[in-house]
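This report refers to the structure that appears directly beneath it.
The values are calculated or read from the model by the stated rules, or taken from the named source; none is laboratory data. Here the structure is a predicted model, which is why all the values come from computation and not from measurement. Heads up, the Cβs are rebuilt from the backbone with ideal geometry, glycines too, and the neighbour counts pull from every protein chain shown.
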Amino acid sequence: MLEKILRNEPLARHTTLRIGGPADYFVRVDSRDELIQAVKWARQQHLEIFILGNGSNILASDAGMRGMVIENHADEIVVHENRETSENRETGEHRETGEHRETSENRETSENRETSENRETSENRETGEHRETSENRETGEHRETSEHRETGEHRETSEHRETGEHRETGEHRETGEHRETSEHRETGEHRETSEHRETGEHREREESGERLRVIVDSGASLPGLANRLARQGWRGLEWAIGVPATIGAAVVTNAGAHGGALSDNLVRAEILDVAAIEIAATQDESDLLWHAETMRWWTREELQYEYRSSFLKKHSNKFVVLRAEFELERDDATHCIARMNQYTEHRRRTQPTEPSVGSMFKNPPGDYAGRLIEAAGLKGTRIGKAQVSMVHGNFFVNLGGGTARDVMQLIELVQARVREKFKVELELEIQIVGEQSGANNE
């Protein structure tokens, strides 16, 4: 990973507003393991850590950021779709069903045998996750055991039933191209390799009623996930189709739109407590002591969600989101797609196309920030190369060459005018990050 670390990387290249000075250290990570490794390395170097998603919802200082910026592209997705039959309920046997069909490009590689390798490790038992091992190497084909071939069913052992989770890995990308990685780790993880170009994802499903559980890495695209699941007939995230956020950023900020919010469907989130990592007092610099609470799943209640806020947001940069689990309900795919199309059209009509940070201010109780800004006559107001959008008052745009200083001055002007005219204090929805020279957090 060290070879991937950049020095003095301009953050303007990585933010949707196209503003931001250099980061002392910058690294892109493409998996959960790399994300954890990057955090460990930064702590070894006594560096502050900032996790960057797709660069929306932040204003980066012109002076840049000290410490390490980790751009998170970890985007593995595991889907569990469950249905109980009367036979299952009577016998207690859990059977996988669903669309586990493969194309010539969507083949699993492995002899998918449940052997002594397919047992839970201590990590499995602690996290409640079931991972399988296998050899996904030579043929790129998925071979089932004789029991699979004879019954057409995948039967889970008592260990499967105890954990309730069967892990698959895969990378989920906004381009709709889903590639799954193939690594077999000593922890007993079962990872499948292949490129899923036509479907955009390889799914493993365990059916139970009309609900679906999906575990997603924190660097995955929120609108990409919403689009994929809605087209499969799962409702709950359609509102997110136009929200330019990663899963991790959405978990931190409780992202939402059109009356929906991430906390509505979130079950739990896997969190890394950066402050709990200590450098071991040994000569081996790579040896870190991990406290029991360093990395664990947090419940929705522990995350303390509020409107566009959470415990994580209030304690910025002290925690790293690794994964999130959501629950969705079955619906007609045409209905889900219709809702997405409606939201997409609304955004197309009401939001600017120029580089923007997203919604600048939170909506005050019983009103809308955009309405107040426009009613104060501020639409189109400009300072330097930063402007209040002519399309929507709650969006500030970069006309080209704008600076964080321009944006900060515009923020202060808008807040002052709205306060003076309506006696309302507009609270920032975005985060201001970096050295204080115009800005500071995610």
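Quick one: in segment 315-345, of everything that is under 21 Å from the mean Cα position of the chain (by Cα) and among the small types (Gly, Ala, Ser), which residue is farthest from Phe396 (Cα to Cα)?
Ala324
Among what's in segment 338-378 and is of a type in the set (Phe, Trp, Tyr) and assigned by TED's automatic domain parsing to the domain that holds Leu428, pick the residue that is nearest to Leu428 (Cα to Cα).
Looking at residues that are of a type in the set (Phe, Trp, Tyr) and assigned by TED's automatic domain parsing to the domain that holds Leu428, I get Phe361.
Would segment 334-344 turn up any residue that is within 30 Å of Glu48 (Cβ to Cβ) and touching a strand residue (DSSP E or B) at 6+ places or on another chain (Cβ under 9 Å)?
Checking segment 334-344: not a single residue is within 30 Å of Glu48 (Cβ to Cβ) and touching a strand residue (DSSP E or B) at 6+ places or on another chain (Cβ under 9 Å).
Kindly check whether there is at least one residue in segment 180-193 that is surrounded by 24 or more Cβ atoms within 10 Å (Cβ to Cβ), closer than 30 Å to Ile58 by Cβ and either touching an Asp or Glu at 6+ places or on another chain (Cβ under 8 Å) or modelled with pLDDT under 95 (or both).
Within segment 180-193, none of the residues are surrounded by 24 or more Cβ atoms within 10 Å (Cβ to Cβ), closer than 30 Å to Ile58 by Cβ and either touching an Asp or Glu at 6+ places or on another chain (Cβ under 8 Å) or modelled with pLDDT under 95 (or both).
Taking the stated definitions as given, is His335 out of contact with any Cys (no Cβ under 8 Å at 6 or more places or on another chain), touching a residue at least 60 places away in the same chain (Cβ under 8 Å) and within 25 Å of Leu428 (Cβ to Cβ)?
Against the criterion (out of contact with any Cys (no Cβ under 8 Å at 6 or more places or on another chain), touching a residue at least 60 places away in the same chain (Cβ under 8 Å) and within 25 Å of Leu428 (Cβ to Cβ)), His335 does not qualify.
Hey, which of the strands (runs of 3 or more DSSP E) in segment 1-72, taking only ones fully inside, have at least 2 residues that are over 21 Å from the mean Cα position of the chain (by Cα) and either under 28 Å from Val397 (Cβ atoms) or modelled with pLDDT of 95 or more (or both)?
By residue number, 6-10, 22-29, 65-72.
When you look at Arg330, is it of a type outside the set (Val, Ile, Thr), closer than 30 Å to Arg228 by Cβ and assigned by TED's automatic domain parsing to the domain that holds Leu229, yes or no?
The answer is yes for Arg330.
Taking only segment 221-257 into account, find how many residues are among the hydrophobic types (A, V, I, L, M, F, W, C) and farther than 21 Å from Thr350 by Cα.
Here the count works out to 9.
When you look at Ala386, is it in contact with a Phe, Trp or Tyr (Cβ under 9 Å, 6 or more places away or on another chain) and buried (at least 21 other Cβ atoms within 10 Å of the Cβ), yes or no?
It is true that Ala386 is in contact with a Phe, Trp or Tyr (Cβ under 9 Å, 6 or more places away or on another chain) and buried (at least 21 other Cβ atoms within 10 Å of the Cβ).
Quick one: which residue in Arg348, Arg382, Arg371 is under 26 Å from the mean Cα position of the chain (by Cα), more than 30 Å from Val78 (Cα to Cα) and without any contact (Cβ under 8 Å) to a residue 40 or more places away in the chain?
Only one candidate passes the filter, namely Arg348.
Can we say Gln351 is more than 28 Å from Arg66 (Cα to Cα), modelled with pLDDT of 95 or more and surrounded by 15 or more Cβ atoms within 10 Å (Cβ to Cβ)?
Answer is no for this residue.
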